[in-house]
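These notes are about the structure you will find just below.
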Amino acid sequence: MKNVFKTFAVASTIALSASLAWAAGTHPITGEALADDQTFTYRVLDEASSYDPQLLEDVDSSKIARDLFEGLYNQDSQGNLIPGVALSHTISDDKTVYTFKLRDNAKWSDGKPVTANDFVYAWRRLADPATASAYQWYINVMGVKNNGPVSDGSLPPSELGVAALDDHTLQVTLEKPLPYFPLTTVHTSAFPTPQWAVEAHGNEWTRPGNIVANGAYIMTEYVANERSVRERNPMYWNNDNTIMEKVTALIINDENVALTRYMAGELDQTDIPSGQFNRLQQSNPDETVVVPELCTYYYTINLTDTGNPALQDVRVRQALSYAIDRDIITKNILQAGQKPAYAFTPEATAGFTPPASPMASMTQAERDAKAKELMAAAGVDGFDLELMYNTSESHKKIAIAISQMWKQKLGVNVTLSNLEWKTYLDARGSQNYQVARAGWCGDYNEASTFLDLVGSESGYNDAKYNNPKVDELLAQAKVSADTQPIYTEIEQILATDTPIIPIYQYTANFLMKTNVKGWPYDNVEQNNYSRDLYKVAE
Amino acid sequence: MALPTLLILVIVTFVLMHAAPGGPFTSEKPLPPQVLANIEAKYGLNEPLYKQIFMYLQGIVTEFDFGPSYVYKDRTVNDIIAQGLPVTLTYGAWVIVLMLAVGVPLGMIAALKQNTWIDYLAVGFSILADLLPNFIMGPILILIFTLWLGWLPGGGWNGGQWEYMVMPVIALATSYMASITRLTRSSMLEVLRSNFIRTARAKGLPERTIILRHALKPALMPVISYLSPVFVYVITGSFIVDAIFSTGGLGTYFTNAAFNRDYAVMMGVTLLTGGLTILFNLFVDLLYSWIDPQIRY
């Protein structure tokens with residue numbers, strides 16, 4: 001048995017005693033003078049898919065849900081776990097039973113206490129086929145006992161391995177040990193849900209007026225395709241330490257219009273339109289932000305019979321990878337701080353260091369020579385290849401650059417084919433392609449969120465890559481305490497087999513007004529909580 | 001005639017929609033088959049197509065229920081139309097008023113003062129307006145009135161306050177205004193040269209009476225034919241305007257629903273457009289017979 005977060009109690013006491021200070025207009029911890037106006041307005045691309053924690057399925061919605069609801073644990077600005085509704089947990093000796101101690105001062109916005117039952121209800125709801133959540137698979141990621149049979153309806157949701165021992169003790173039983181299980185609780189799918197509100201209002205329970213929430217904010221205004229507004233929830237247990245009063249998400253489809261409105265002072269944060277990064281970094285250096293993201297841009301190669309016959313030869317696949325000058329892609333095309341990728345898992349992933357791959361340490365001239373060598377060894381001298389991507393300016397630019405590199409260095413004649421998004425997904429998922437552009441972002445900050453993708457059973461393995469050794473290593477990693485050597489080995493196998501060609505590691509870049517503080521720049525998942533934000537007086 | 005037309009519209013749209021590759025739940029992270037099956041069962045998408053069409057029609061006839069959105073989980077098609085239609089109706093009505101109030105008089109004056117500076121100005125304006133389609137005009141307006149002058153908010157609707165409406169209406173109305181100016185001008189010129197006007201002039205009628213009582217009505221005929229599709233387009237909202245100004249109208253749903261394969265939303269807006277088209281065609285036909293009593297149905 002072990003107990004985590006012992007030190008947090010101390011930290012929270014300090015924060016609490018300091019909370020009186022902010023009434024005087026200074027930040028309780030940093031002592032900065034606070035602005036009178038504590039409102040934060042930011043741009044989102046599209047209408048939210050939902051605000052229901054178990055039903056929502058996009059990044060912008062989950063950001064809003066993280067303000068409205070609070071799960072067992074939260075993340076600090078570095079991405080480390082800190083207590084949310086749960087104060088701490090203990091783990092059984094066989095590492096399959098987690099017992100969470102919940103705080104007794106957590107309340108829903110209607111004044112009811114947040115209890116272990118609210119988590120039990122939410123997790124069962126997530127797994128229940130009747131809910132038909134697109135994130136139902138997340139209960140499998142969490143590895144909660146009986147997740148399989150409950151998901152397919154062969155066992156009732158009540159058989160799921162989650163139970164309320166009392167109001168403030170939640171017990172979770174896992175199928176097998178999962179070292180990163182606590183990390184999975186910060187995901188919105190695992191947030192508690194108020195059964196009484198869901199049952200009273202059905203689909204409309206998240207609307208202003210109906211919503212019952214346990215987070216730092218509560219939805220007060222919602223106009224589809226225009227805006228959603230959330231304001232402080234006075235019932236939130238840590239409301240005294242919340243500084244930002246009101247957060248508004250403005251839906252602006254056009255990124256250039258959003259930029260103009262940011263410049264006009266209507267927004268505190270907005271995305272940087274593609275191709276404008278350099279200009280903005282010159283004109284507004286203090287507001288231009290680049291942070292790494294847990295995402296990799298790569299090309300996937302169809303290894304089945306419907307693929308290109310030349311690509312069945314591993315040496316040809318390697319040659320294609322060697323011949324790509326990733327620096328040209330990142331420095332000349334993307335120009336927004338992206339890093340070249342030589343491994344599938346991004347460098348920013350916690351507890352993971354990419355293996356020193358031979359390719360990464362070569363110069364491009366050496367890589368090109370190696371690529372030619374490999375093509376010669378394979379006895380292939382130029383062939384026709386189709387490269388597929390979904391319609392987008394930047395995918396197109398990258399595809400053109402890479403097809404030129406392949407043409408000039410290897411004599412490969414590349415035909416580009418761009419498809420509308422859903423058509424492209426359909427073609428990629430049914431192996432109706434030769435080489436296709438792809439991107440993957442981690443669902444949690446651990447290498448398996450990437451590497452599971454190349455498992456032969458993975459539904460996301462569009463290359464249809466099948467290597468029993470990799471499957472075996474992936475299974476080992478699930479139960480191992482020291483995963484780095486296992487992940488390193490998998491990456492090395494991938495570098496050799498080349499079912500996918502990693503191209504670059506994403507960065508998130510955006511503009512943020514300099515008076516907004518508290519953004520978790522160091523959290524690679526960019527899981528931000530508005531209650532950490534504040535505006536300083538200028 | 002209207003009902004069979006709508007029925008055919010439903011069937012054709014349904015079949016075409018389902019024929020497009022991918023579906024509402026196709027995504028970058030494909031759903032496990034189990035999850036997909038759950039969701040398809042919830043929405044009845046596992047049924048054969050004819051049955052789905054039947055269930056869809058049944059929902060509309062018995063409960064006036066146009067189905068759920070597959071993308072916006074908390075909302076139904078009825079919600080979406082109830083929220084978006086008033087917005088597009090409001091700015092659409094202003095666009096129609098503006099384009100007629102400016103376009104028709106401008107075209108008339110240009111015709112009456114043909115080959116004078118007023119004519120050149122009107123024609124010049126209408127050509128310029130055509131060179132500035134709304135997706136260019138919108139951002140330029142925001143640049144001028146929001147960023148440089150700071151007079152108007154750069155987007156949003158805010159319940160339809162006038163300062164939020166000015167730019168969307170101008171952006172959408174300008175090119176229609178230009179077309180109406182040109183149409184009115186050329187048909188007015190034609191009418192002014194016709195025999196019955198010459199007769200009226202010969203009778204010694206005042207020029208004012210000739211223009212307003214005799215020339216205007218026939219000159220408006222081509223304008224009215226042009227109006228029918230414009231009415232529908234403007235009133236069901238513009239994708240460009242909604243996307244640029246975040247007005248929250250129905251416009252964005254047309255394109256987004258198609259991209260997202262949000263079947264029920266796509267059906268809902270298609271039916272709405274179909275219904276309105278039929279309605280406006282009727283309205284325009286009635287206008288014809290009012291203007292030209294020779295037309296009888």
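Before moving on, here are some points about what is shown:
- Residue ID - farthest from the other protein chains (Cβ to nearest Cβ), chosen from residues in the range A:33-51 that are of a type in the set (D, E, K, R) and buried (at least 16 other Cβ atoms within 10 Å of the Cβ): A:R43
- Among the residues listed as A:L511, A:L533, the single one being within 25 Å of A:L45 (Cα to Cα), among the hydrophobic types (A, V, I, L, M, F, W, C) and touching a Lys or Arg at 6+ places or on another chain (Cβ under 8 Å): A:L533
- Number of residues in the range A:50-99 that are without any contact (Cβ under 8 Å) to a residue 60 or more places away in the chain and touching a helix residue (DSSP H, G or I) at 6+ places or on another chain (Cβ under 7 Å): the value is 0.
- Of all residues in the range A:244-262 being surrounded by fewer than 20 Cβ atoms within 10 Å (Cβ to Cβ) and either assigned to a helix (DSSP H, G or I) or more than 26 Å from the chain's Cα centre (by Cα) (or both), the one that is nearest to the other protein chains (Cβ to nearest Cβ): A:N256
- Test set (1) within 14 Å of another protein chain (Cβ to nearest Cβ); (2) of a type outside the set (K, R); (3) in contact (Cβ under 8 Å) with a residue 40 or more places away in the chain; (4) over 17 Å from B:S238 (Cα atoms) - B:D79 fails condition number: (3)
- The set of residues in the range A:213-231 that are of a type outside the set (G, A, S), more than 12 Å from A:A249 (Cβ to Cβ) and crowded, with 24+ Cβ neighbours inside 10 Å contains only A:N214.
- Hey, A:R428 within 14 Å of chain B (Cβ to nearest Cβ), closer than 24 Å to A:P273 by Cα and either assigned to a helix (DSSP H, G or I) or not β-branched (V, I, T) (or both) or not: no
- Test for A:G111: is it at positive phi and not aromatic (F, W, Y): yes
- Test: residue in the range A:479-499 that is assigned to a strand (DSSP E or B) and modelled with pLDDT of 95 or more: no
- Subset of the range B:247-263 that is hydrophobic (A, V, I, L, M, F, W, C) and buried (at least 24 other Cβ atoms within 10 Å of the Cβ) - its residue that is nearest to the other protein chains (Cβ to nearest Cβ): B:L250
- Taken over the range A:382-437, residues that are over 28 Å from the mean Cα position of the chain (by Cα) and hydroxyl-bearing (S, T, Y) amount to 3.
- Taken together, the residues in the range B:91-116 that are buried (at least 18 other Cβ atoms within 10 Å of the Cβ) and among the hydroxyl-bearing types (S, T, Y) amount to 1.
- Within the option set A:E347, A:E366, A:E373, being assigned by TED's automatic domain parsing to the domain that holds A:K407 and either modelled with pLDDT under 90 or under 20 Å from A:G439 (Cα atoms) (or both) holds for one residue only, A:E347.
- Top-ranked residue in the range B:41-76 [being among the polar types (S, T, N, Q) and buried (at least 19 other Cβ atoms within 10 Å of the Cβ); ranked as farthest from the other protein chains (Cβ to nearest Cβ)]: B:S69
The values are calculated or read from the model by the stated rules, or taken from the named source; none is laboratory data. The model shown is predicted, which means the values in this text are computed figures rather than measured ones. Note: ideal-geometry Cβ built from the backbone for every residue, glycine included; neighbour counts use all protein chains shown.
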